[in-house]
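The values are calculated or read from the model by the stated rules, or taken from the named source; none is laboratory data. Everything quoted here is computed from the prediction, not taken from an experiment. Cβ placement follows ideal geometry from the backbone for every residue including glycine, while neighbour counts extend to all protein chains displayed. SASA here: full protein model, heavy atoms, side chains in, ligands and nucleic acids out. Shrake-Rupley method; radii C 1.70, N 1.55, O 1.52, S 1.80 Å.
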Amino acid sequence: MIQLENVDKHFGAAHVLKNINLVVAPAEKLVVIGPSGSGKSTLIRCINLLEKPSKGRVTVDDVELTAHKAYVHTVRESIGMVFQNFNLYPHKTVLENLTLAPIKLKKIPRAEAEASGLGYLERVGLKDKASAYPSQLSGGQQQRVAIARCLNMHPKIMLFDEPTSALDPEMIQEVLDVMTDLAKEGITMVVVTHEMGFARNVADRVIFMDEGRIVEEGTPEHFFTNPTQDRTKLFLSRILR
Amino acid sequence: MNPGPFALFKWEAVAAEWPVFATGFGTTALVSLLALLLALALGLAFGMAGASTSKGLRGPTRVYVEFFQNTPLVIQVFFLYNGLPYAGLVLPVFAVGVLGVGIYHGAYVAEIIRAGIEAVPKGQKEAAASQGFNAWQTMVHVVLPQTRRIVLPPLANQAVFLIKNTSVLAMVAGGDLMYQADSWAAGNLYYGPAYVVTGLLYLALCLPLSRWVRRMEKTSAVQA
């Protein structure tokens, strides 16, 4: 479903991704962990080419995005992305946030897009907020709307870039619950997070990154009971208290 | 005995010959409207180009903005009126007004639009891109609608400057309000009432816009 081959990324003098090779299978739930500055966010942003790799190939759904500039926009329609800061459209209502891309890009009739949008809002528990504006919602509610906005494009892949890092502690769980519920489906998920409980419960596979490299990868069980690399052990001992 | 610059009979003369002022007022209003439309069209195009990531688009924008912001409007209008005929292009003075004032203010509008676009957070463009919008669709559906509230007050301010600057046409016999008043007064030397009435007529055009700007700025300050 997703394939990264020999991907390197430089920001000026900073070498943030070093020869990354990664394959994500269809329907796999992959969780990416690691200290800040380790390249996790850059890695996930390379998957939909929000960051263009300096070197290497990115292939999604059999389309090599690093080669076919023209297809990038089309492929992105099937890759939902949830950001740390929600990035809802502030000039649109909640429901309009969900329907803008389906109507404008997929040419889905408004009534149909609104009906499916309301369905997803119900699923994230926010149907009653359909006509509210994002600024009237709490952070947790905004992030759930952001997830519903992605779902209304019926994506095959969902990317989560630290979806709970900007939230107050009491709002983290409501977002994680929605993500856990979503993980029961056949959708492919790549999640950058510091929520180790989520990683343990939901992930099929966990990768640990440090200084632009994938240092260790394995099942959650392997990771949380028997990590092999010293760097991983150190990180986990600091984060799991 | 000298009757003074504001003698009653001079006011009566203005009142009696009001169509002179009405004609000028109409010309000024029409030149202002058309020049404003031209300035908005140029400003939108150059503003978007100026906010783009492409150097090939930003370069010409800088040249346009810097050239027209940093040379006097009077020279630009004189060039259109006196210079272009040597190149075989004789423009009617009305067109000189619309083009001269419109192009000049387009440079300012471009900077307002560019700043407005750049004020929209980067995350908005990323969200739109991640959904599959291309750069143009992102601009139309996501960025520009959010720019509107930011740019409206400074744009209305530009409209006020633009209306006042159409008075440059008086220097090239433009038939605008300032020209009509000045040439009428040059004939009978009733300058006092002529200029006062003219000033009030400009005020009538500009003051509502200024008041509206003030109100917009207050409400957006409350919202922010």
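Shielding by partners for peptide A:151-157, expressed as the average number of C-beta atoms from other protein chains within 10 Å of each residue's C-beta, is 1.
Suppose R0 equals 60 Å; then what is the FRET efficiency for A:His15 and B:Ser210 from their Cβ-Cβ distance, rounded to the nearest 0.05?
Working: r = 55 Å, r/R0 = 0.91.
Efficiency at R0 = 60 Å is approximately 0.65.
Peptide packing: for A:222-231, B:40-49, the average count of neighbouring Cβ atoms within 10 Å per residue gives the ranking B:40-49, A:222-231, highest mean first.
Each principal axis of the stretch B:8-223 carries a Cα extent, and these read 72, 49, 23 Å when sorted largest first. Length gained on full extension, A:Glu112 to A:Glu221, computed as 0.36 nm times the residue gap minus the Cα-Cα distance: 35.0 nm.
Once the mean of 1/r is taken over each pair of separate Cα atoms and inverted, the protein assembly as shown shows a Kirkwood hydrodynamic radius of 26.4 Å.
Dipole size of the protein assembly as shown about its Cα centre, with +1 on Lys/Arg Cβ and -1 on Asp/Glu Cβ: approximately 340 debye, rounded to the nearest 20. Mean sequence separation of contacting Cα pairs (under 8 Å, at least six apart), scaled by the length of chain A, corresponds to a relative contact order of 26 percent.
Okay, helix-only estimate at 222 nm for chain A: each DSSP H run of n ≥ 4 adds -39500 (n - 2.57), divide by all residues, round to 500 deg cm²/dmol; what do you get? Don't jump to the answer; show the numbers that get you there.
Working: 9 runs with 90 residues, N = 241.
Value at 222 nm, helices only, nearest 500: -11000 deg cm²/dmol.
Using 15 Å as the cut-off for backbone N distance, which residues of the stretch A:1-32 belong to the label zone defined by a point 7 Å from the Cα of A:Ser54 along Cα→Cβ? Hits in the stretch A:1-32 for A:Ser54 at 15 Å: A:6-20. For the pair B and A, the buried accessible area comes to roughly 1600 Å² in total, with a 1.4 Å probe and the value rounded to the nearest 100. Net length available on complete extension from B:Ala45 to B:Thr219 is 59.8 nm, with 0.36 nm assigned per residue and the Cα-Cα distance removed. Using C-alpha pairs under 8 Å with a sequence gap of at least 6, the mean separation divided by the residue count of chain B gives a relative contact order of 29 percent.
In terms of the Cα gyration tensor, with a ≥ b ≥ c the square roots of its eigenvalues, is the stretch A:66-217 rounded because a/c is under 1.5, prolate because a/b exceeds b/c, or oblate?
It is oblate, given that a/c is not under 1.5 and a/b is not larger than b/c.
Sparse packing (at most 14 other Cβ atoms within 10 Å of the Cβ) combined with a DSSP loop state is found for none of the trypsin sites (Lys or Arg not before Pro) in the stretch A:1-78. The mean count of C-beta atoms from other chains within 10 Å of the C-beta of residues in A:84-92, rounded to a whole number, is 5. With all projection directions averaged, the alpha carbon convex hull of the stretch A:165-241 covers 5.8 nm².
Counting only protein heavy atoms, what percent of the accessible surface of the protein assembly as shown is carbon or sulfur at a 1.4 Å probe?
Details: 12870 of 21910 Å².
The C+S portion of the solvent-accessible surface of the protein assembly as shown is 59 percent.
Measuring r between the beta carbons of B:Leu203 and A:Asp8 and using R0 = 56 Å, the FRET efficiency lands at 0.30.
Just counting partner chain Cβ atoms within 10 Å, what average do the residues of peptide B:140-149 show around their Cβ?
On the way: counts 1, 8, 6, 0, 1, 4, 4, 1, 1, 1.
Going residue by residue through B:140-149 and averaging, the value is 3.
Over the Cα atoms of the stretch B:1-69, the radius of gyration divided by the Kirkwood radius equals 1.41; this is the Rg/Rh ratio. Approximating the spin labels as points 7 Å out from Cα along Cα→Cβ, the A:Glu64-to-B:Ala13 distance works out to 8.6 nm. Helix A:169-183 and the long axis of chain A differ in direction by around 90°, with both axes built from C-alpha atoms. Listed by chain and number, the lysines placed with their C-alpha closer than 29 angstrom to that of B:Lys10 are B:Lys164; residues fewer than eight positions away on the same chain are left out. With all protein chains kept in place, the per residue accessible area of the protein assembly as shown amounts to 47 square angstrom at a probe of 1.4 angstrom.
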